[in-house]
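Scroll down for the structure; my scribbles are underneath it.
Nothing in this text is a laboratory measurement; each read-out follows from the coordinates by a stated rule. Small disclaimer: the values here were computed from a predicted structure and weren't measured. FYI the Cβ positions are ideal-geometry reconstructions off the backbone, even for glycines, and counts take in every protein chain you see.
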Amino acid sequence: MKTCHLICNLESGKGIKKKEIDTIIELIKKYDYEVTLHITENQGDATSIVKALKKCDLVLSIGGDGTFNEIVTGNYKRKNKLLLSHIPVGTTNDIGTMLGMNKNIIKNVKDILEGDIKQMDIGIINNQPFIYVAGFGKFINVPYETERKLKKSLGHLAYLINGFKEFFQITKLYDIEYEIDGVKERGLFSLILISNANHIAGFNNIYKNVKLDDDKFEIIFCNISRRKDLVRSLIMLVKNDITKIPGIYSYTGKNIKIKFYDKPKNNWTIDGEKYKDLTYDYEINIEKNMKFLLPKKNLDNLFIK
């Protein structure tokens, strides 16, 4: 019999009930797995659990994008990597949406267990993994500054409320030098977005033809600061590829260095969670030595191999 460690964050999104967990466990058992359940209580618990595990056949997390990030971080710290997967029950669930999952948890579990194993590019920023996005600047602080209580009661609307407040704040431009695969540039920027996804912050198909195993990030530096330009850009984002918006400098690459000449006032956001390392210099590259069990639905569009 195969072994599965099920790591559950009961507080993600609007919460998940113990009865639902029991149903999920029984379903996993039908696929010839022996299941061990872990309930997380504090931030970082999932990372510690995965890091300490002995060999197993599958690690499956239930929670938001931040919970998924934690099991990936735990796996990154291991010498012998484990097979991972994730059931999205958070507020935004960008990763789950990109992979074709919906709000039907039981169907998502079944689709995963009947899915395919894929090697997926994982971003590393100053030795911290991220699955789909690392961002800094305007609006980037909204996910981690939105209160959990508000997210549980209002869902995605809570982010929109905080985003509306952020819109009326003064937009700071930072003096930044960046190097992408050996090519250097410098300028004043209000936002940085480094991603491996086509669904970010609730916006679908933010990039066209993204591949999750092409050894490349999609990279954006933005110098938009005036409110009227922000409004125009948000309207254009609904209709267009983000790379076609004026004031946005778009690249693809695998090795990135970023130097701030002004000390950052806000933290980066990593997969929707606050990244606590506040410094002047960042290095971002790709880790390829991780495998995931994923639903088949969107794999042909998202992977080369």
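A few points about this structure:
- Measuring between their Cα centroids, region 69-137 and region 268-295 lie 12 Å from each other.
- Here the gap between residue 185 and residue 262, fully extended at 0.36 nm per residue and compared with their Cα-Cα distance, gives a gain of 26.1 nm.
- Gain upon complete extension [residue 232, residue 17; 0.36 nm per residue less C-alpha separation]: 73.2 nm
- With each label modelled as a point 7 angstrom along the Cα→C-beta vector, the residue 116-residue 300 pair spans 0.9 nm.
- Given 18/291; 211/296; 51/276, the pairs whose alpha carbons are separated by over 22 Å: 18/291
- Loop-located GluC sites (Glu not before Pro) in region 12-74, at most 11 other Cβ atoms within 10 Å (DSSP): 41
- Three-way shape call for region 25-116 based on the alpha-carbon gyration tensor, with the a/c threshold at 1.5: oblate
- Model label zone, residue 213; criterion: amide N under 16 Å from point 7 Å along Cα-to-beta-carbon; scope region 110-124: 115-123
- When the C-alpha to C-alpha distance is required to be over 20 Å, the pairs from 110/208; 17/107; 254/274; 2/288 that qualify are 110/208; 254/274; 2/288.
- Modelled label positions at residue 124 and residue 83, each set 7 Å beyond Cα in the direction of Cβ, lie 2.4 nm from each other.
- Look at 111, 22 and count the other Cβ atoms within 10 Å of each Cβ; fewest to most, that gives 22, 111.
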